[in-house]
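Structure record follows, encoded as structure tokens.
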2 protein chains.
Amino acid sequence: MTAIRGARERARSEITAAIKDEARRQLAAEGAAKLSLRAVARELGMASSALYRYFPSRDDLLTALIVDAYNAVGEAAEAAGDTARDTARGPSAGRPLARWSAICAAVRDWALAHPHEYALIYGSPVPGYHAPRSTTEPAARVGLALIGVVRDAHAAGALKEPAEPLPDPVVGDALALAAELGVELPGAVMARLIGAWAQLFGLLSFELFGQFNGVVEARTEFFEQSVRQLARGVGLTTPR
Amino acid sequence: MTAIRGARERARSEITAAIKDEARRQLAAEGAAKLSLRAVARELGMASSALYRYFPSRDDLLTALIVDAYNAVGEAAEAAGDTARDTARGPSAGRPLARWSAICAAVRDWALAHPHEYALIYGSPVPGYHAPRSTTEPAARVGLALIGVVRDAHAAGALKEPAEPLPDPVVGDALALAAELGVELPGAVMARLIGAWAQLFGLLSFELFGQFNGVVEARTEFFEQSVRQLARGVGLTTPR
DNA sequence: CAAAAACGAGAGCAGTGCTCTTGCTTTCGC
DNA sequence: GCGAAAGCAAGAGCACTGCTCTCGTTTTTG
């Protein structure tokens with residue numbers, strides 16, 4: 001795709017990457033609030049004003065880091081889901097719940113390993129507010145991974161649809177999203193899936209942001225248990 | 001309790017309150033990131049250095065705002081829970097689910113009305129990390145309000161305990177917390193309660209931080225539906 | 001090969017949190 | 001009641017931030 005069009009362009013992409021790397025380092029070390037353009041430039045041995053040739057503002061740099069972070073969690077989730085699917089061949093084949101749990105655990109592992117990056121994407125929005133359009137697609141990857149599990153379970157007939165009815169507007173939103181994603185799932189399941197998706201990050205945020213301090217000590221077990229309950233809520237049957 | 005010990009002390013508390021008020025105004029208008037000590041001082045017509053006599057640092061001011069915010073949500077939750085309890089006398093008495101939903105709705109209403117304050121307490125931790133001891137008690141108020149509903153339902157025999165077993169460490173944590181709070185609830189219920197508490201704020205954070213943009217449009221209905229499901233998860237029976 | 005575009009560095013602006021010193025006022029101990 | 005002590009407000013100043021503008025230099029391009 002990207003042919004070498006000249007030394008200048010290559011240098012540009014290299015420097016852009018170096019800036020992002022150094023910024024990511026500072027982000028991981030001190031958090032988004034203390035990320036300073038001047039410090040990045042200083043560390044890279046360039047004038048701070050030169051940095052503005054690559055990122056027109058601090059928020060643009062942060063946006064780039066946000067996109068990368070979304071892709072990192074998304075990739076972790078997808079990888080965990082894929083290996084769980086491929087591993088569970090043979091006698092215990094088709095265990096959607098194991099796959100669901102694997103994805104959630106992967107997201108949690110990533111979050112615990114990169115707390116500041118997690119806070120950047122799932123904490124309070126730092127910049128002027130509304131995320132740029134470019135972030136929405138990477139932001140959806142974890143959700144899509146979870147949807148994939150339920151879609152496969154549904155196709156395999158291993159999904160127990162929830163009995164009780166949902167409000168019409170909710171089902172409407174859910175069906176609209178399902179159609180947009182080209183996935184065939186009942187509205188009720190889709191709606192509960194969205195809820196589970198949000199609630200998953202509620203658990204993670206409370207754990208990471210210290211709300212569980214002095215309340216929950218067995219964090220891993222608690223998380224796994226809660227994730228199982230979320231799965232049950234969307235209709236994934238618990239294996240015995 | 002606080003007798004008027006002199007003009008000086010009264011002036012001090014008045015100025016402290018004025019600083020907090022102005023800071024809260026700026027917080028509500030622009031968010032925590034743009035809250036500036038100098039701007040507060042400027043607005044109050046005093047030198048910025050004078051402000052440090054009242055709050056030794058910006059983080060201390062923020063901490064005071066955090067405590068106030070926790071108390072504000074907590075109070076909203078408690079008030080909603082109390083009126084729901086007292087209103088539901090007579091034939092339809094003892095409707096724990098209505099009370100539960102009322103509390104959750106009150107929290108959501110408060111959050112929607114004060115998004116920046118919500119972000120301050122339930123978003124990424126802004127300062128150097130660990131919240132001071134003084135915040136933990138106000139932070140627990142919403143959780144305690146929810147616990148109260150379930151406690152009353154349990155005492156009235158209107159609680160359907162979840163059947164399936166939970167991991168020992170999780171139950172242990174839950175029972176320890178129940179004992180600490182002096183509340184008599186089964187470990188399994190208590191554990192699910194903690195999960196529901198965290199998941200409630202997951203739903204709110206996703207809504208407030210824009211994660212539902214283009215995904216969920218019928219926000220209120222979706223929230224109410226999810227809250228009902230959370231209640232069912234902890235054993236509150238849904239009335240017909 | 002010359003014009004145009006991209007680039008790096010430096011100075012500078014307006015703003016920040018925070019400290020220190022300097023006077024003034026209120027409180028407190030004798 | 002008065003002098004010492006403590007509390008207070010203000011100003012100057014430090015080190016830092018994001019960001020802009022200008023000015024030479026280098027690279028790309030027509």
- Task: Averaging over all projection directions, find the projected area of the Cα convex hull of the protein assembly as shown and quote it in nm² with one decimal place.
- Result: 28.0 nm²
- Item | Reachable lysines, given that their alpha-carbon falls under 26 Å from the alpha-carbon of B:Lys34 and they are not under 8 places away in the same chain | A:Lys20, A:Lys34, B:Lys20
- Task: Please arrange B:His154, A:His116 by accessible surface area, largest first, computed with a 1.4 Å probe and ligands excluded.
- Result: B:His154, A:His116
- Item | Neighbouring partner chain Cβ atoms per residue of B:171-182, average, 10 Å criterion | 2
- Item | Apportionment of accessible area to carbon and sulfur, the range A:58-234, percent (1.4 Å) | 54 percent
- Keeping the other protein chains in place, figure out the carbon and sulfur percent of the accessible area of the range B:1-56, with a 1.4 Å probe. 50 percent
- At a probe size of 1.4 Å, how large is the accessible area of A:Lys160, to the nearest 10 Å²? 130 Å²
- Assigned charges on the beta-carbon of Lys, Arg, Asp, Glu; chain B dipole about Cα centre (debye): 480 debye
- Query: Could you give the length gained on full extension between B:Ala179 and B:Glu30, defined as 0.36 nm per residue of separation minus the Cα-Cα distance, in nm?
  - Reply: 49.5 nm
- Message: Give the separation of the Cα centroids, the range A:37-107 to the range A:134-181, in Å.
- Response: 22 Å
- Message: I need the calculated FRET efficiency for the pair B:Arg10 and B:Ala39, taking r as the beta carbon distance and R₀ as 25 Å, to the nearest 0.05.
- Response: 0.45
- Expressed as an acute angle from 0 to 90° and rounded to the nearest 10, what is the orientation of the C-alpha long axis of helix A:96-113 relative to the principal long axis of chain A? 30 degrees
- Task: Jot down the per residue volume, in cubic angstrom and as a whole number, of the convex hull over the alpha-carbon atoms of the range A:58-234.
- Result: 133 Å³
- Message: Quick check for me: using +1 on Lys/Arg Cβ and -1 on Asp/Glu Cβ, what's the dipole size of the protein assembly as shown about its Cα centre, in debye to the nearest 20?
- Response: 680 debye
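The values are calculated or read from the model by the stated rules, or taken from the named source; none is laboratory data. All figures in this text were calculated on a predicted structure; none of them were measured in a lab. Every residue, glycine as well, gets a Cβ built from its backbone with ideal geometry; the counts of neighbours run over all protein chains shown. Side chains included, ligands, DNA and RNA excluded: accessible areas come from the protein's heavy atoms. Shrake-Rupley method; radii C 1.70, N 1.55, O 1.52, S 1.80 Å.
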